[in-house]
Structures are given as structure tokens and as C-alpha cells.
Amino acid sequence: MNVNRAALERQPVAIDSSTRGAFRQGTALPSLETVLNLPAFRSAELICGGAQIDQPVTWVHVSEIMDIWRFLSGGELLLSTGLELMRVSSATRRAYIRGLSKAGIRALGLELVQWITEVPSELLETARELNFPIVVFRTEVSFRELTRAAHQEILRPTPSHGLETTLDTILNSLIETGRDRQFLQRELGPLLSLPPRPRTTLLVTLEALLDAQFNIAAAARNLGVRRQSVYYRLDQLTGLLGSLDDPSRKLGFLVAFALLRSSHPQLTASERPTSRIEKERRV
């Protein structure tokens with residue numbers, strides 16, 4: 001779809017103050033316009049809410065339930081076949097759009113093929129009142145292909161210079177103040193005291209879990225082992241290090257792994273795991 005920006009009615013974008021925190025500021029998230037211009041969305045037609053075309057899309061979700069807005073975090077492009085919309089009253093349809101708008105949903109995408117062939121008038125009127133974007137597909141589309149294409153764009157890697165600079169600042173502060181060894185002992189001490197073989201296995205596993213955001217299946221694929229092995233090692237890590245659920249602990253582990261490479265070269269190459277951050281530094 002090529003969005004005709006000149007043909008869209010441009011109005012100030014209004015985002016409910018209660019949902020502003022749901023959007024990541026200053027990131028490279030694609031705008032609604034960018035998503036709609038992806039090849040997979042070539043049959044998409046934006047019929048209202050053009051003033052929101054520049055707003056970022058955080059995810060794509062498919063759902064038919066009428067109160068889906070309660071379960072989303074804001075910024076999502078919601079896809080629906082309209083099945084439930086045809087079963088409810090006009091008042092419920094209006095409430096549906098109001099709920100989506102208040103929750104900060106980026107846009108509603110409707111397939112006008114099987115269950116509905118036109119957008120219900122009261123739904124469209126409410127969306128226009130709220131300047132809420134509605135996207136329609138007048139031919140059959142694959143929601144799986146739409147979500148895959150959008151998610152690839154949303155998850156596209158961005159330059160990591162800012163992350164590296166922040167990490168370097170933390171590392172330099174720890175090293176210059178002489179607290180690097182104390183920090184390592186606090187974060188990874190029980191692992192570093194193990195014999196070489198279990199130490200290497202558990203260090204590599206912990207970093208794989210961090211890189212995969214503790215998705216067991218993804219970590220197992222990256223390590224080339226079975227999920228049962230990762231679960232077993234995770235039990236060992238928890239026993240040695242305590243709970244790994246606290247986000248601050250995960251940040252501490254990332255810094256500790258960077259310290260192992262920058263200030264503790266006594267770890268042999270065969271024992272050092274290579275993190276995603278380290279790989280990016282070498283490029």
C-alpha cells in the first residue's frame with residue numbers, strides 16, 4: 001500500500017496520557033505508515049485516522065474478542081476478521097472502538113471478506129470522532145504473513161553504539177574505582193569458583209539464556225542442546241546464584257560477562273563465552 005499522505009485529513013495526534021508510558025520513546029520502531037507500506041500489506045487501505053500515520057507500532061496482534069484492549073499494552077496493530085463485530089449491538093461496537101483508542105492501540109485492521117464486507121457505520125463514525133486509524137483488506141489475506149512481515153520490521157536490529165557506550169562507561173567506572181573484582185564475585189562468584197568444565201558449561205548457558213531473554217527453546221537452539229538440558233542447567237544456575245527473575249540481576253550478569261573479557265584475560269579463550277554484545281563489538 002502506498003499511503004497518500006496529501007489525501008489524508010491531518011489533525012493533531014491525541015494520545016491518552018494514561019497510555020503514553022506504553023510506547024518506547026526515541027527508538028527505531030516502525031511507524032504505522034512504514035508497516036502499511038510493507039509488501040505483505042500491499043492490499044491494505046487506510047480509511048480513517050490518517051493523523052496517526054507517523055505513530056510507532058510496537059507489535060501486531062490477532063484477536064476477535066471484544067474486550068481485547070484489556071490485555072494489550074498499547075501501540076499494537078490489531079487484526080480481526082470482524083466475526084464478533086457482527087454479533088454485537090451498535091452500542092457495543094462503539095464501545096469496542098473507544099476501548100481500543102483509550103488503550104493506545106495503534107490501529108484496527110479488518111478483513112472485509114467472510115464475516116463482514118463493509119465496516120459498520122457506527123464503528124467507522126466512532127473511529128473518525130476519535131481519529132482512530134482503521135485499515136481494511138477487501139481481499140483475503142494471511143494474518144500469519146502480515147504479522148511475520150510486521151514483526152520482522154519491528155525487531156530489525158538497530159545500531160548498538162549507544163548500548164556499547166553505556167556499557168563501556170559502566171565497565172570503566174568499575175575498573176577505575178577498583179570494584180571490578182568485587183562486582184564479579186558478587187554476580188558470578190559461585191560459577192567462577194567451579195572447576196573449568198562445569199564453569200564453562202554454566203557460563204555459556206547463562207549467557208545464552210540472557211541473549212534469548214530466558215526463552216528456553218531459543219536458548220536450546222542457540223546452544224545446540226535439548227531443552228531438557230537447558231532446564232537442568234537452569235536449575236543448577238538457580239541453585240548457585242539464587243533467583244534469576246529480577247531484571248537488575250540480569251543487567252548485572254551482562255556487565256559481569258563484559259568485565260570477564262575486558263579486565264580478566266586470565267580466562268582462556270576456550271572458557272570464555274562470546275556474547276552478542278562482544279560479537280557486535282568485533283564487527
| remark: For region 15-150, the percent of accessible surface on carbon and sulfur atoms (probe 1.4 angstrom, ligands and nucleic acids excluded) is 49
| said: Quick check on region 187-245: what are the equivalent-ellipsoid semi-axes from the Cα gyration tensor, as sqrt(5λ), descending, whole Å? | reply: 18, 12, 10
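Please compute one quarter of the surface area of the Cα convex hull for region 31-148 and express it in square nanometres.
Mean projected area for region 31-148: 6.2 nm², to one decimal.
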| said: Using Stokes-Einstein with the Kirkwood hydrodynamic radius over Cα pairs, what translational diffusion coefficient do you get for region 139-231 at 4 °C and a viscosity of 1.567 mPa s, in µm²/s rounded to a whole number? | reply: 77
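With r as the distance between the Cβ atoms of residue 83 and residue 245 and R0 = 30 Å, compute the FRET efficiency 1/(1 + (r/R0)^6) and round to 0.05.
Given R0 = 30 Å and the Cβ-Cβ separation, E is 0.20.
Hey, can you rank 35-41, 190-196, 107-113, 210-216 by average C-beta count inside 10 Å, highest first?
Averaged packing, sorted descending, gives the order 107-113, 35-41, 210-216, 190-196.
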| request: Quote to one decimal, in nm, the extra length available between residue 229 and residue 151 on full extension: 0.36 nm per residue of separation minus the C-alpha distance between them. | output: 25.1 nm
| field | region 208-265-region 97-127 distance, computed between alpha-carbon centres (Å) | value | 43
| region 107-161: trypsin sites (Lys or Arg not before Pro) falling in loop per DSSP and having at most 15 other Cβ within 10 Å | 138
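The values are calculated or read from the model by the stated rules, or taken from the named source; none is laboratory data. Keep in mind that what you see is a predicted model, and the values were worked out from it rather than measured. Note that we place each Cβ from the backbone using ideal geometry, even for glycine, and neighbour counts take in every protein chain shown. The accessibility values were calculated without ligands, DNA or RNA, using every heavy atom of the protein model including side chains. Shrake-Rupley method; radii C 1.70, N 1.55, O 1.52, S 1.80 Å.
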